[in-house]
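*Asks:* Attaching a single structure in structure tokens format; questions to follow.
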Amino acid sequence: MKRALVLLLLVSLTVGVFAGGQQEQPAEAAPAAAEGPWVPTRPITIITHVGPGGGMDVATRLFVDIAREFTDATFVVENITGGGTINASRAVLDRPADGYTIFGMAMSNVNSVVANEFDRGTFIDGYHWIAKIQRDPAAVIIRKSDRDAGMDFDGIIEDARRRGGRQVWAVPVLGGNKHFEALMIWQATGVEATATPFESGPLGAAAVLGGAADVQMGNPFNAAGRDLWVAAIASPERMDGFEDSPTFAELGFPELNDEHIWRGFAVKQGTPRAMIEWFQGIVSQVHQHPRWRAFNAENAIMPRAVFDDDFRKIVDSTMEKTEFWLRELGMLD
Amino acid sequence: MIDILVNLGGGFEIMFTPMAILLCLLGVFAGITFGAIPGISPSMAVALLLPMTFRLEPILGMVLLLGAYKGANYGGSVSAVLINTPGTPSAAVTAFDGYPMAKSGRVGEAMGVSLYASVIGGIIGTVVLILFAAPLARVALRFWPSEYFALTVLGLTTVATMGGKHWQKALVAVVFGLLLNTVGMEPFAGTRRFTFGEVRLFEGFSIVPAIIGLFALGELFYNLEHYSKGEKFDKLAYKLPKLSYYLTVWKNITRAGILGTIIGIFPGAGGTIAAFISYDVEKRFSKKPDEFGKGSPEGVAAAESSNSSSAGGALVPLLALGIPGSATAAVLLSSLLVHGLNPGPEMFVDEPELVYGMFASMFMANAFILVVGLLGAQLFVRVTDLSKKLLYPLIFVFAIVGSYAVTNSMYPVVVCLAFGVVGWIFRRYGFPTAPIVLGIVLGRLAEMSFRQALMIGGIESFYQRPLTLIMLLTAIAAVVYPIVKKRITGRAAIGRED
Amino acid sequence: MQLVFLIVALAVVWVLIRPFKRLRPYTGQVLVLAGVFWIGLLFFIVSYSFPTPRFAAVATSAATIPRFWFYVLIPVTILALIPMLKGEEVPDPKWGSLWRVAIVFGVLVASLFAFRYIGYYLSSAIFLVVMMWVLESRNRIELIAVPVGWVIFSHFFFARLLYVRLPIGTLFAGLFG
């Protein structure tokens, strides 16, 4: 009898644990309120494809920290890396479209879908593109010591021409955005150079600092706080903190002036419209927040708040550009 | 020098506030606990605490994270010694000798050596960081891809001493690891290799589940095959040795600590390579090299000291250049970035309190590791007291849930299990498994740096750059010297017989 | 699929080395070498199907390194075979209680499959019970307390504290959903 009682107790305890665990799983689709504002009742998970410390990770963590001023909702940032950004995307699509899972993504995610020939019906059309939040301009970076010795963008191009393709440009990976940007610059200026992958922005900066690479194709952020100088920047006008760095337009290449990588948020198709509007409201508020502005300014990133179809158009043009350059490089069948 | 002491004094002033002490202790405690769980790497432990730091002052946030970083580095060795399940990749080297020691009953000794080596190594790394951060960072920048390649070759030569009598088998194992490393998206242009249409293979075989499989599951399968009921570890000596005992390994700890710091400063190389190379060096220096791999305290000391000191080394490029040298350093960087702080040479001038507060907190973290470690060791060693019929099933479930935690998915669990079978078969037939780990750890860096070097400077890079040449020649000497020495002593012995 | 090929290759090697009496005590070790070599060979062959992008001045491609390791593997395998041919290697060990390994492995794989259906907690609890039984634990208190303790521990430590999303399983998702 006693034994049976103990057993019963244990069983109920175990079941209790299951039930407890159940609550934190977003299995039950929250009934979408047809009218009225959306009110989150559970923590909202933002999944990102980069590890802690990556560009979108830092941006997302700061974003949710600021967002706490505008909402009582709790946000959890989850890093799901690997699989060429697809692991994260898949995780988002595997979870229910109840608004409690958001994909914090960047341009490289769209590149990866094209480069690895993943199903666009799933990995692009499967998303509602909520908001683009950042525009991170392309920047050509060299050593400060070279600048002080009289080197500038024209000097780089001249040097490239003289060395007949031996000038080394550091990019994170071949067949990625920074490689494309470098190719566009070479095409526009009519020179050849060698793009060498250095895995990440900081490591690329280190390669230029140490002299292993001559030029870094990066973002202004890579130069900030280091003995590096931005020789050209893709921006409508000169940027705060980088006043001595000319824009591509000033240098005579207006066609390069819009090259940038973007970051933004997306949710699975079928997510309640009320949730999307709620989140876009938060994006608009954070967009105006001084802390968000200051963080972006320090890293020469332009904060953005581009929603829905306008964002989707940017995604489409990213796909087009990626496909074009991958074909040019012979990396796509 | 005076400047440094004054600044450091300021740093300690910040540290001796109740809040800072509490956060440091919390970080160390959480770090050791998480680090001891297989699958939770130091970078994950630090990332878990990261959100807490956003609302703290920058320096307090760093105190918490640095405590967790150092704690997790030590915690990894606890499960490596006790159940042959390295909590972190770098702790794999600690398991080489730590686990055999525990198995033969010297569990207290093994825990004690790993704890003290970790703390002293950590202090060495911190001191080097404080004194030489700026010049060392400049040296690190002078490292071109050809030097990184030479470093990986140097790392690969450690396999020569790893197999002992079965060196041929060790070679097969390391090449096997290097081959397995090529699976997945290639680092240069993301070309898919040997994925056979399987998306999950894109990321290749991640190192943590592979190590858990090779070491823990391989050992378990082997033990199951030879299981007899009621079996226990040999009679156990739980007690940690007296302080004077550690003097016997002070040379190993110091050498490995310095070497670990130096290797740690190179972004991307990190603690695991440091541990492998230091272990190899200590084995060569040792009067009892035969004991290495069978339960040598010197081996444990070398592995733990270099692993722990490399954490200090990894902060050199982070603080002096803003370049994160490891996954964990990247998380630390993000905590600073969110506060609008951009590490680099300017930070030392603009924010001396922050920088020296961090240095001071690293000393304090080491002290707390000693305290928490000493108290914890008394408890942890009791794990080996469990009967095997309880211990084995629990190691299995720990390995499974630990692998699952790596990416919150089943894929690493499958990798862990597959490597478990490989580990068992290798172990059965006398092939060492450590070289596989070495191959997987070094493969990517070897490929990347080799191809970068060719791209930048052509084949000339490997003999025209003096540093590369010296390192490559050292690597050759490291392989040839033992063979020649054996020949000579062999001949001498024959000569005497005549 | 690739596993099937591997097994076929190993079977062929096994048949091939039967006539060599000298190698007989080393059958297992030769098969390990053959397995590793087969993987190297497979990678070598597959590497010829890699795309070759048009990068300027790239001396290497994605295929370079895997092929290089295969070239290294050839002499290394031969080196490892020499002591066996000479009969100087330690012979293969005798088989222990293989059934125990087989059962544990089988139950482990089954419990991993079961994650999806009955969830992590229940299947790991079942695995623990079976494994303890295989290891000849017959103490009822242990057999109940260990799995229950593990379930509670893993829930609070992994799921709650470390945010590990342990699978709940379709069964329980349906029950409580």
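*Asks:* Using alpha carbon centroids, what distance separates the stretch A:100-179 and the stretch A:255-298, in Å?
*Replies:* 20
*Asks:* Here's a follow-up. In the protein assembly as shown, with Lys and Arg counted as +1 and Asp and Glu as -1 at Cβ, which of these residues, B:Met471, A:Asn111, B:Phe221, has the Cα nearest the positive end of the dipole, that is, farthest along it?
*Replies:* Value: B:Phe221.
*Asks:* Quick one: plug the Kirkwood hydrodynamic radius of chain C (C-alpha pairs) into Stokes-Einstein at 37 °C, 0.692 mPa s, and report D in µm²/s. Please list the in-between numbers first.
*Replies:* Values: Rh = 21.2 Å.
Answer from the Stokes-Einstein relation: 155 µm²/s.
*Asks:* What do you get for trypsin sites (Lys or Arg not before Pro) in the stretch B:163-258 restricted to DSSP loop and a cutoff of at most 14 other Cβ within 10 Å of the site's Cβ?
*Replies:* Details: sites: B:Lys165, B:Lys169, B:Arg192, B:Arg193, B:Arg200, B:Lys229, B:Lys232, B:Lys235, B:Lys239, B:Lys242, B:Lys251, B:Arg255; in loops: B:Lys229, B:Lys232, B:Lys235, B:Lys239, B:Lys242.
Answer in residue order: B:Lys229, B:Lys232, B:Lys235, B:Lys239, B:Lys242.
*Asks:* Next question, about the same structure. So what's the stretch B:183-281 giving for Cα Rg divided by 2.2 N^0.38 Å, two decimals?
*Replies:* Values: Rg = 20.6 Å, N = 99, 2.2 N^0.38 = 12.6 Å.
Ratio of Cα Rg to 2.2 N^0.38 Å: 1.64.
*Asks:* Where Rh is the Kirkwood radius over the Cα pairs of the stretch A:217-306, the temperature 20 °C and the viscosity 1.002 mPa s, what D in µm²/s does Stokes-Einstein return?
*Replies:* Details: Rh = 15.1 Å.
In µm²/s, the coefficient is 142.
*Asks:* Determine the calculated [θ] at 222 nm for chain B from helices alone, applying -39500 (n - 2.57) to every DSSP H run no shorter than 4 residues and normalising by the residue count; nearest 500 deg cm²/dmol. Don't skip to the answer; put the middle values down first.
*Replies:* Values: 22 runs with 365 residues, N = 498.
After summing the helix terms and dividing by the residues of chain B, the value is -24500 deg cm²/dmol.
*Asks:* Over all directions, how big on average is the projection of the convex hull of the alpha-carbon atoms in the stretch A:139-256, in square nanometres?
*Replies:* Numbers: hull surface 25.6 nm².
With every direction weighted equally, the projected area is 6.4 nm².
*Asks:* On to the next question. Taking 1 over the mean of 1/r across every pair of different Cα atoms in chain A, what Kirkwood radius in Å do you get? Walk me through the numbers before you get to the answer.
*Replies:* Details: mean 1/r = 0.0461 Å⁻¹.
The Cα-based Kirkwood calculation yields 21.7 Å.
*Asks:* Assuming 0.890 mPa s and 25 °C, estimate D for the stretch B:89-156 with Stokes-Einstein, Rh taken as the Kirkwood radius over Cα pairs, in µm²/s.
*Replies:* Working: Rh = 14.8 Å.
Result for D is 166 µm²/s.
*Asks:* Nearest 500 deg cm²/dmol is fine: what mean residue ellipticity at 222 nm does chain C get from its DSSP H runs of n ≥ 4 alone, each adding -39,500 (n - 2.57), divided by its residue count?
*Replies:* Working: 6 runs with 118 residues, N = 177.
When only DSSP H runs of four or more count, the value is -23000 deg cm²/dmol.
*Asks:* Enter the Cα centre distance for the pair the stretch B:164-192 and the stretch B:114-139, rounded to the nearest angstrom.
*Replies:* 31
*Asks:* So if I place +1 on the C-beta of Lys and Arg and -1 on the C-beta of Asp and Glu, and nothing else carries charge, what would the dipole magnitude of chain C be about its Cα centre? I want it in debye, nearest 20.
*Replies:* Computed charge dipole of chain C: roughly 160 debye.
*Asks:* Here is a follow-up. With equal scatterers on the alpha carbons only and no solvent term, can you work out the Debye log10 of I(q)/I(0) for the stretch C:2-86 at 0.17, 0.20, 0.25 1/Å?
*Replies:* -0.76, -0.94, -1.22
*Asks:* What fraction of the DSSP beta bridges in chain A is antiparallel, stated in percent and rounded to the nearest 5?
*Replies:* Details: 25 of 41 bridges.
DSSP beta bridges in chain A are roughly 60 percent antiparallel.
*Asks:* Give me the net charge of B:Leu179's neighbourhood, meaning all other residues with Cβ under 15 Å from the Cβ of B:Leu179; Lys, Arg count +1, Asp, Glu -1.
*Replies:* Spelling it out: positives minus negatives among the neighbours equals +1.
*Asks:* If you take every residue apart from B:Glu346 with its C-beta less than 15 Å away from the C-beta of B:Glu346, what net charge results, scoring Lys and Arg +1 and Asp and Glu -1?
*Replies:* Local charge sum for B:Glu346: -3.
*Asks:* Here's something else I'd like to know. When Lys and Arg each count +1 and Asp and Glu each count -1, what net charge do the other residues less than 12 Å away from A:Phe103, Cβ to Cβ, add up to? Before the final figure, lay out each step's value.
*Replies:* Details: positive: A:Arg90, A:Arg95, A:Arg263, A:Lys268; negative: A:Glu78, A:Asp94.
The answer is +2.
*Asks:* Here's something else I'd like to know. Which value, in nm² and rounded to one decimal, describes the direction-averaged projected area of the C-alpha convex hull of the stretch C:44-126? List each step's numbers first, then the result.
*Replies:* Values: hull surface 45.8 nm².
Convex hull of Cα atoms, orientation-averaged projection: 11.4 nm².
*Asks:* Using only DSSP helix segments of four residues or longer, with each worth -39500 (n - 2.57), what per-residue ellipticity at 222 nm results for chain A after dividing by its residue count and rounding to 500? Show your work: numbers first, answer last.
*Replies:* Details: 13 runs with 147 residues, N = 333.
Calculated mean residue ellipticity at 222 nm is -13500 deg cm²/dmol.
*Asks:* Hey, another quick one. Taking just the alpha carbons, could you work out the radius of gyration and Dmax for the stretch A:177-333, both in angstroms?
*Replies:* Looking at the stretch A:177-333, its Cα Rg and Dmax stand at 17.8, 53 Å.
*Asks:* Write down the percent of antiparallel bridges among all DSSP beta bridges whose residues are both part of the protein assembly as shown, to the nearest 5.
*Replies:* On the way: 27 of 43 bridges.
Antiparallel: roughly 65 percent of the beta bridges in the protein assembly as shown.
*Asks:* Now, a different point. Could you work out Rg/(2.2 N^0.38 Å) for the stretch B:437-484, with Rg from alpha carbons only?
*Replies:* Numbers: Rg = 12.8 Å, N = 48, 2.2 N^0.38 = 9.6 Å.
Normalised Cα radius of gyration, the stretch B:437-484: 1.33.
*Asks:* Quick check: the distance between the Cα centres of the stretch C:63-106 and the stretch A:182-222, to the nearest angstrom?
*Replies:* Taking the Cα centre of the stretch A:182-222 as reference, the centre of the stretch C:63-106 is 44 Å away.
*Asks:* Follow-up question, since we're still on this one. Among C:Val76, B:Gly87, B:Phe176, whose Cα lies farthest out toward the positive end of the dipole of the protein assembly as shown, if unit charges sit on the beta carbon of Lys, Arg (+1) and Asp, Glu (-1)?
*Replies:* Towards the positive end, the residue furthest out is C:Val76.
*Asks:* Which value, in debye to the nearest 20, gives the size of the charge dipole of the stretch B:2-497 about its Cα centre, when Lys and Arg are +1 and Asp and Glu are -1 at the Cβ?
*Replies:* On the way: 36 positive and 27 negative charges, 380 e Å.
So the dipole magnitude of the stretch B:2-497 works out to roughly 1820 debye.
*Asks:* Check cross-link reach from B:Lys283 to the aspartates and glutamates: straight Cα distance under 15 Å, and skip same-chain residues fewer than eight apart.
*Replies:* B:Asp97, B:Glu291, B:Glu298, B:Glu304
*Asks:* Same structure again: What are the semi-axes of the equivalent ellipsoid of the stretch C:98-176, taken as the square roots of 5 times the eigenvalues of the Cα gyration tensor, listed largest first and rounded to whole Å? Can you show the working numbers first?
*Replies:* Working: eigenvalues 106, 50, 24 Å².
So the three semi-axes of the stretch C:98-176 are 23, 16, 11 Å.
*Asks:* Identify, among B:Val397, A:Ser200, B:Ala72, the residue whose Cα sits farthest towards the positive end of the charge dipole of the protein assembly as shown, taking +1 on the Cβ of Lys and Arg and -1 on the Cβ of Asp and Glu, with the dipole about the Cα centre.
*Replies:* Positive-end residue among those listed: B:Val397.
*Asks:* How long are the three semi-axes of the equivalent ellipsoid of the stretch B:399-493, in whole Å, if each is the root of 5 times an eigenvalue of the C-alpha gyration tensor, listed from largest down?
*Replies:* 36, 26, 8
*Asks:* If the reach is capped at under 25 angstrom between alpha carbons, list the lysines near A:Lys132, excluding any in the same chain fewer than eight residues apart.
*Replies:* Filter leaves A:Lys178, A:Lys268, A:Lys313, A:Lys321.
*Asks:* For the protein assembly as shown, what is the charge dipole size about the Cα centre, in debye to the nearest 20, if Lys and Arg each add +1 at the Cβ and Asp and Glu each add -1 at the Cβ?
*Replies:* 4640
*Asks:* Once amide H atoms are placed 1.01 Å from N in the peptide plane, what residues at a sequence separation of 5 or more from A:Ile46, or on another chain, have their amide H within under 5 Å of its amide H?
*Replies:* A:Val76, A:Val77, A:Glu78, A:Ile102
*Asks:* Oh, and also: Need the full-extension length gain, A:Arg120 to A:Asp244, defined as separation in residues times 0.36 nm minus the C-alpha distance. One decimal, nm. Show your work: numbers first, answer last.
*Replies:* On the way: separation 124, 0.36 × 124 = 44.64 nm, distance 4.18 nm.
Taking A:Arg120 through A:Asp244 to full extension adds about 40.5 nm, to one decimal.
*Asks:* Taking one equal scatterer on every alpha-carbon of the stretch B:2-497, how large is log10 of I(q)/I(0) by Debye at q = 0.11, 0.13 1/Å?
*Replies:* Per q value, in the given order, log10 I(q)/I(0) is -0.90, -1.26.
*Asks:* Another question about this same structure. For the protein assembly as shown, just say rounded, prolate or oblate: build the C-alpha gyration tensor, square-root its eigenvalues into a ≥ b ≥ c, call rounded for a/c under 1.5, and beyond that prolate if a/b exceeds b/c, oblate if not. Don't skip to the end; give the middle numbers.
*Replies:* On the way: a/c = 1.42, a/b = 1.19, b/c = 1.19.
Rounded shape, in that the Cα axes give a/c under 1.5.
*Asks:* Taking Cα atoms, how many degrees apart are the long axis of helix A:273-288 and the longest axis of chain A, rounded to 10 and kept between 0 and 90?
*Replies:* For A:273-288 against chain A, the angle is about 50 degrees.
Values quoted throughout were computed directly from the atomic coordinates according to the rules given, and no laboratory measurement underlies them. These numbers come from a predicted model, not from an experiment. Positions of Cβ are generated from backbone atoms using ideal geometry, with glycine treated the same way; all protein chains shown enter the neighbour counts.
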